[in-house]
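Structure first, then comments.
Nothing in this text is a laboratory measurement; each read-out follows from the coordinates by a stated rule. Because the structure is a prediction, the values reported are computed rather than measured. Cβ: placed from backbone, ideal geometry, glycine included. Neighbour counts: every protein chain shown.
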Amino acid sequence: MKIKKRRHLFFSVGIMCHNEEQNILNLLKSLRKQSYWRYIKDIIVVSSGSTDQTNKFIKSFAKTHRKLSFINEKKRRGKAHAINKFLVQATKEIIVLISADLMPTEKSLEFLVKHFYNKKVGIVGSHPIPMNDKNTFLGFAVHLLWDLHHQISLKNPKMGEMIAFRRVFKKISDSSVVDEVNIESLIKGQGYKAVYEPRAIVYNKGPSSISDFITARRRIYVGHIATKYEYSYSVSTLDNFMVLKCILKNIRLSPTFLLYLIGTILLELISRVLGYVDYRFKLKDHTIWEVITSTKRLK
C-alpha cells in the first residue's frame, strides 16, 4: 500500500509597523531562525508613516533575504489599511500576521501552521507572554490580563498578537480597531474552526505607565464593542462570568496580590468606561493607534 505524503504548507508572513526601529530587526532575525523558515514563501513588511530608522533597517535586511518585500506607506492610515495592502501582495492561501513589537520563539510558526492540515481549521491564535516584571503593579496587571487570555482561550479560543489564518476573504474594514478579532469573526462566520495553540509562544511588552495602560485597554475595548454591535460577534474574553471564574481559581490571599488585583480591576473598569463613551458618542477615533512607546523595547 502506497502511503500518501503530506504536502508542505507554504505560507505568507505579514508584518505591519510604524516607528519600530527598536525591534524590527530582532523580529526579522527571529523569523530567519524559525524551524519553518523554508516554508515561508514571502515576508511582506508594510511600514506606515515611519519617521525613524525602521525603513532603513527593513531595506538592509531585504538586501540579503530575497523572501522579504517592503511596502512603504508615506501616510499612516491605520493597521487595518496596512493589512489590506499586505493581503493584495501575499501569494499563499495560509497567512501569518505578526505585530512588529513581538518576538516569536523558534517553533512558534510551525506550531501555528501545522493546524491547517485539518481542513476545518480556519484560524489559529498564539500564546502571548509579556516580558514585564511581575513584581511591579503594572507588570502584575499586564501578566494577569494575558494569563486570563490564556486560560480562557484554552476553552474558548481568542486570537491575539500573532495569528495564522486561511485567506477566505479579500479584506477587512479599514476602520477596524482590533484586526485579529475582525479576522476571527470573518473566518468563523464561514464555518471554520478557531484554534488556540499554547505552544506558539510569542513575547511582548505591556505598558509600563498607568496612562499607557489605560490608552491600550481603552482602544481594545472600543474594538471589542464595535465588533459586538456591528458584526454581532463577541470575543470570549468579554464573558465576565468566565473572567471572574478564572480570577477566583487563581486568587492568592496575600495583601500585595489582593491590592494589585483590585488596582487592575479598577484600571480595567476605567478603560472600559472611557472606551464605551468613545464608541457611543464618537469622541475619539482609534483606527490609527496612539503610539505607546513603553511597549516597544522588548529587552
Two pseudo-spin positions, 7 Å from Cα along C-beta at K155 and at K92, lie apart in nanometres by 3.4
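Please figure out what share of the DSSP beta bridges in the chain is antiparallel and state it in percent, rounded to the nearest 5.
On the way: 10 of 37 bridges.
Approximately 25 percent, going by the DSSP bridge assignments.
Hey, what number do you get for the chain at 222 nm if only DSSP H runs of n ≥ 4 count, each worth -39500 (n - 2.57), divided across all residues, to the nearest 500?
Details: 9 runs with 124 residues, N = 299.
Counting only the DSSP helices, I get -13500 deg cm²/dmol.
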The ³J(HN,Hα) series, computed from each phi in the stretch 199-205 with the Karplus coefficients 6.51, -1.76 and 1.60 at θ = phi - 60°, rounded to the nearest Hz and given as x for glycine or proline, is 7, 7, 6, 9, 8, 9, 10
Output ordering of 109-119, 249-259 (per-residue mean of other Cβ within 10 Å, highest first) is 109-119, 249-259
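How big is Rg to Rh over the chain, alpha-carbon atoms, Rh as the Kirkwood inverse-mean-distance radius? Mind dumping the intermediate values first?
Numbers: Rg = 19.0 Å, Rh = 19.8 Å.
Across the chain, the Cα-based Rg/Rh ratio is 0.96.
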Within the set K85, K120, K205, GNM on the chain using Cα springs under 10 Å gives the largest fluctuation to K120
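Given a cut-off of 32 Å, name the pairs among K59/K284; K107/K155; K155/K284; K171/K282; K92/K282; K29/K171 whose C-alpha atoms lie farther apart than that in the structure shown.
Details: K59/K284 34 Å; K107/K155 23 Å; K155/K284 34 Å; K171/K282 24 Å; K92/K282 38 Å; K29/K171 28 Å.
Correct reply: K59/K284; K155/K284; K92/K282.
So for the chain, averaging the separation of alpha carbon pairs under 8 Å that are six or more residues apart and normalising by length, what relative contact order in percent results? Could you put the intermediate results ahead of the total?
Working: 547 pairs, mean separation 62.7, N = 299.
Contact order relative to length: 21 percent.
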Lys and Arg at +1, Asp and Glu at -1: neighbours of F70 with Cβ under 14 Å from its Cβ sum to +4
Expressed in nanometres to one decimal, the distance between label points 7 Å along Cα→Cβ at F257 and R6 is 4.0
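Taking the mean number of other Cβ atoms within 10 Å as a proxy for protection, how do you rank 219-230, 263-274 from highest to lowest? Let's see the in-between values first.
Working: 219-230: 19.7, 263-274: 15.8.
Those peptides, ordered most packed to least, come out 219-230, 263-274.
Just rank M162, M242, fewest to most, by other beta-carbon atoms within 10 angstrom. Please report the intermediate quantities before stating the final value.
Details: M162 27, M242 16.
Ranking M162, M242 by Cβ neighbours within 10 Å, fewest first, gives M242, M162.
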For E106 and K249, extending 7 Å from Cα along the Cα-Cβ vector and measuring point to point gives, in nm, a value of 3.1
Along principal axes, largest first, the alpha-carbon spread of the stretch 144-299 in whole Å comes out as 50, 36, 35
